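The structure appears below as structure tokens.
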Amino acid sequence: MANILPVSDLRNYNEVLKNCQKGEPVYLTKNGRGRFVVMDIEDYERDRFLIAQ
């Protein structure tokens, strides 16, 4: 299930990080629209490597 949260939830930074550590990115919205993605650095680097191939 996608983790979609308003950017204001970053006030609870530790909870957002817990969701990222489960292997799923957290999508942050601002004014109801997708704005940012927060994800584990190892997942990010793996994805970049796979895309580059």
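I need the full set of residues from region 15-31 which are within 23 Å of R46 (Cα to Cα) and polar (S, T, N, Q), in order please. Result: N19, Q21. Determine whether V26 is aliphatic (A, V, I, L, M) and in contact with a helix residue (DSSP H, G or I) (Cβ under 9 Å, 6 or more places away or on another chain). It is true that V26 is aliphatic (A, V, I, L, M) and in contact with a helix residue (DSSP H, G or I) (Cβ under 9 Å, 6 or more places away or on another chain). Can you find a residue that is modelled with pLDDT under 90, surrounded by 14 or more Cβ atoms within 10 Å (Cβ to Cβ) and among the aliphatic types (A, V, I, L, M) anywhere in region 1-10? The answer is yes; a qualifying residue exists.
The values are calculated or read from the model by the stated rules, or taken from the named source; none is laboratory data. Computed from a prediction, not measured in an experiment: that's the story for all the values here. Every residue, glycine as well, gets a Cβ built from its backbone with ideal geometry; the counts of neighbours run over all protein chains shown.
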